[in-house]
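Okay, so here's the structure we're looking at.
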Amino acid sequence: MLRIKRVPTVVSNYQKEGEEEASRFQGGCGRNCLRSCCIQGANLPLYAFKAMKKNRVNEKDLVVVEKNNSPVAFLDSLLLGEWEDRVQRGLFRYDVTACETKVIPGEHGFIAQLNEGRHLKKRPTEFRVDKVLQPFDETKFNFTKVGQEEVLFQFEESDCNEAQFIPSAPMDTENSPSVVAINVSPIEYGHVLLIPRILEHYPQRIDRVSLSLALYMAAEAGNPYFRLGYNSLGAFATINHLHFQAYYLAVPFPIEKASTRKITTADDSVKISELSNYPVRGLVFEGGNNLEDLSVIVSDSCIFLQDNNIPYNVLISDSGKRIFLLPQCYAEKQALGEVSSELLDTQVNPAVWEISGHMVLKRKKDFEEASEENAWRLLAEVSLSQERFEEVKALIFEAIACGDDQNTIPTQSNLEEETQEGDAMNKGTRPIVHGKQECLVLN
């Protein structure tokens with residue numbers, strides 16, 4: 001049984017609706033939110049990171065150097081320290097530290113968590129799930145509506161050649177700050193949201209600037225057990241306001257241990273591989289002359305997927321040095337009636353964390369019967385078929401202007417493993433229909 005640090009938590013009083021909540025605050029709309037009615041004069045801690053454009057992201061001492069120059073321990077003291085402060089204030093909807101967690105026996109080490117309250121207490125999806133790109137709708141829930149007490153700190157690039165920390169800094173509403181806030185429906189310890197340029201009201205779509213910001217956050221944390229994730233619309237994002245998720249879990253994810261086969265090198269620096277012997281097909285990006293090189297290649301790949309209405313998930317691993325890009329089709333299969341009722345009954349929506357091997361289960365029965373076979377069977381339904389994945393992969397390489405290196409040698413795998421892996425995954429194929437796929441998640 002996996003053990004993690006347990007911190008007593010109480011259900012948030014701030015999540016209750018009605019006049020009682022509004023009476024807690026003075027001024028503005030009464031909710032102490034991040035909109036224009038309340039934000040004027042607001043002050044929050046500010047962490048300004050040093051850009052690492054001249055440093056190679058694959059150098060072993062990169063994170064150590066940056067952490068030694070940091071004015072505050074970013075992960076332990078700032079992020080997790082502030083997160084625990086919000087625990088003591090009672091700002092969460094349930095006590096995630098009371099959730100049982102275990103590593104499932106087997107070769108891959110899938111992780112299972114029993115979280116019976118999350119699907120009942122998290123915010124419902126308020127947009128269409130058949131289109132990856134949709135305009136921001138201010139009438140729906142967005143992160144400017146959260147209370148300022150849920151925001152841990154501002155996260156910006158330093159305007160000088162060193163990292164800075166200011167315990168209380170005014171929010172620059174003219175330039176729209178990026179912020180780190182708690183996820184009030186957490187999956188794991190330290191679960192937070194990175195919200196780039198929160199006041200700009202960007203919809204859920206990756207661009208070069210936002211992905212770069214997420215990589216810098218991973219690098220500042222400097223801990224392989226702190227990962228960031230991204231879900232596009234149609235791949236189980238539930239809020240159409242640009243954000244990444246992140247949390248701390250001190251165990252390797254199965255996807256991080258999976259075999260890979262090198263395909264090519266982009267821009268003579270970023271190595272691109274594909275997963276093998278894993279239930280979900282995906283690409284792995286690593287290396288680069290600097291963090292920006294890696295960010296540009298991955299963000300351009302994401303932009304291609306979202307512009308062509310292909311749902312996807314992203315896992316930022318290894319302190320920002322390794323990124324998994326995972327196109328998926330589970331919602332499409334649901335709409336076509338191709339997912340078994342047994343899997344649908346679990347109510348598991350396979351987003352980035354589940355695809356990475358951290359299975360958040362909603363029923364005690366599923367937790368008690370959790371097995372590697374069951375986890376594999378669910379995730380295999382998420383994956384594109386081999387034929388469809390090859391088509392998407394070729395189009396991604398065309399978009400980022402690099403080709404398949406036919407002379408590369410598989411790493412940690414062989415052709416026999418790849419053949420077995422291909423047979424174990426999805427049945428059937430469908431062609432890609434750019435921008436026209438209609439899919440609906442069945443509730």
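The values are calculated or read from the model by the stated rules, or taken from the named source; none is laboratory data. Please read these numbers as outputs of a predicted model, since none were measured by experiment. Glycine also receives a Cβ, built like all others from the backbone with ideal geometry; neighbour counts cover every protein chain displayed. Ligands, DNA and RNA are excluded from the accessible area calculation, which covers all protein heavy atoms including side chains. Shrake-Rupley method; radii C 1.70, N 1.55, O 1.52, S 1.80 Å.
Apply the a/c threshold of 1.5 to the C-alpha gyration tensor of region 276-386 and tell me whether it is rounded, prolate or oblate. Prolate shape, in that a/c is at least 1.5 and a/b is the bigger ratio. Cα gyration tensor of region 212-284, axes a ≥ b ≥ c as square roots of the eigenvalues: rounded (a/c below 1.5), prolate (a/b > b/c) or oblate? Since a/c stays below 1.5, the shape of region 212-284 is classed as rounded. Protection proxy ranking for 357-370, 237-250, using the average of other Cβ atoms within 10 Å per residue and placing the highest first: 237-250, 357-370. A full extension of the chain between residue 340 and residue 100 corresponds to an added length of 83.7 nm, given 0.36 nm per residue minus the alpha carbon distance. When the C-alpha to C-alpha distance is required to be over 29 Å, the pairs from 257/393; 131/362; 50/393; 262/365; 257/362 that qualify are 50/393; 262/365. Sequence-ordered 3J(HN,Hα) estimates for region 82-88 from the Karplus curve with 6.51, -1.76 and 1.60 and θ = phi - 60° stand at 5, 4, 5, 4, 5, 4, 5 Hz, glycine and proline given as x. Checking every one of the chymotrypsin sites (Phe, Trp or Tyr not before Pro) in region 163-221 against DSSP loop status and a limit of 14 other Cβ atoms within 10 Å picks out no site at all.
Could you state the accessible area per residue of region 194-283 in Å², with a 1.4 Å probe and every protein chain left in place? Computed with neighbouring chains in place, this is 24 Å² per residue.
Across region 396-401, rounded Karplus estimates of 3J(HN,Hα) from the backbone phi angles (6.51 cos²θ - 1.76 cosθ + 1.60, θ = phi - 60°) give 4, 5, 5, 5, 9, 6 Hz, Gly and Pro being marked x.
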